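Below: one structure, written as structure tokens.
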Amino acid sequence: MRAAAKKLGEGEEEWGIIGLLHDIDWDLTKNDEENHCIKCQEILKQAGASDFLIETIVSHGYANDLIPTLKEKERNTNIQHCLVAAETLTGIIIASTLMQPDKKLASVKLSSLKKKFKNKKFAAKCNRDLIMECEKAGIPLDEFLEIGLIALQEISDELGF
């Protein structure tokens with residue numbers, strides 16, 4: 001998220017925090033997906049989070065058939081589009097990393113990532129349409145793939161890859 005913010009000239013710190021907090025309720029809702037992005041509202045309100053922060057985080061659950069209360073909502077800001085795109089792209093990048101003989105992010109090449117993105121059987125649960133929302137924020141797909149890959153490679157030690 002910080003890398004996407006930098007590309008768009010937005011607040012890197014703010015976007016980075018939103019990226020870190022977006023699944024704050026996941027441990028509580030991973031077996032109750034209907035409440036994912038719902039429970040986080042309570043958690044964040046109790047912590048004194050702003051309405052903007054809460055709404056942005058909740059937006060990554062918009063248009064999700066598994067979350068009835070968010071099914072009809074649409075993302076409409078750059079940060080909302082980048083959040084859902086980055087979250088989903090991370091899944092493809094990590095899956096690509098696990099396919100490497102050394103299981104290291106440094107071994108993942110952009111050309112390989114682009115091929116894997118086109119292969120809908122690879123990391124099939126990663127919704128490519130959500131990743132394509134990067135273009136609604138003004139970042140072409142190829143550039144977003146590169147930004148995401150480089151960003152994760154830069155923190156590979158922290159991620160253990």
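The numbers here are math on the coordinates, done by the rules we state, and not lab data. Just so it is clear, the model here is predicted, and its values are computed rather than measured. Cβ coordinates were reconstructed from backbone atoms using ideal geometry, including for glycine residues, and neighbour counts include every protein chain displayed.
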Seminar exercise, completed: Ordered by fewest other Cβ atoms within 10 Å, a rough proxy for footprinting exposure, 135, 72 read 72, 135
For this session: For the pairs 7/115; 7/109; 71/120; 6/109; 7/71, note any where the Cα-Cα span goes beyond 28 Å.
Result: 7/71
For this session: Give, to the nearest whole percent, the P(r) tail of the range 2-155 beyond 25 angstrom, counting all Cα pairs.
Result: 30
Exercise. With contacts defined as alpha carbon pairs under 8 Å and 6 or more residues apart, what's the relative contact order of the chain in percent?
Worked result: 20
Exercise. Once both axes come from the Cα atoms, what is the angle between helix 78-98 and the longest principal axis of the chain, in degrees from 0 to 90, rounded to 10?
Worked result: 40
Exercise. Sorted by mean Cβ packing within 10 Å, highest first, what order do the peptides 38-45, 9-16 take?
Worked result: 38-45, 9-16
Exercise. The range 52-161: which trypsin sites (Lys or Arg not before Pro) are DSSP loop and have at most 14 other beta-carbon atoms within 10 angstrom?
Worked result: 71, 103, 104, 109, 120, 121, 125
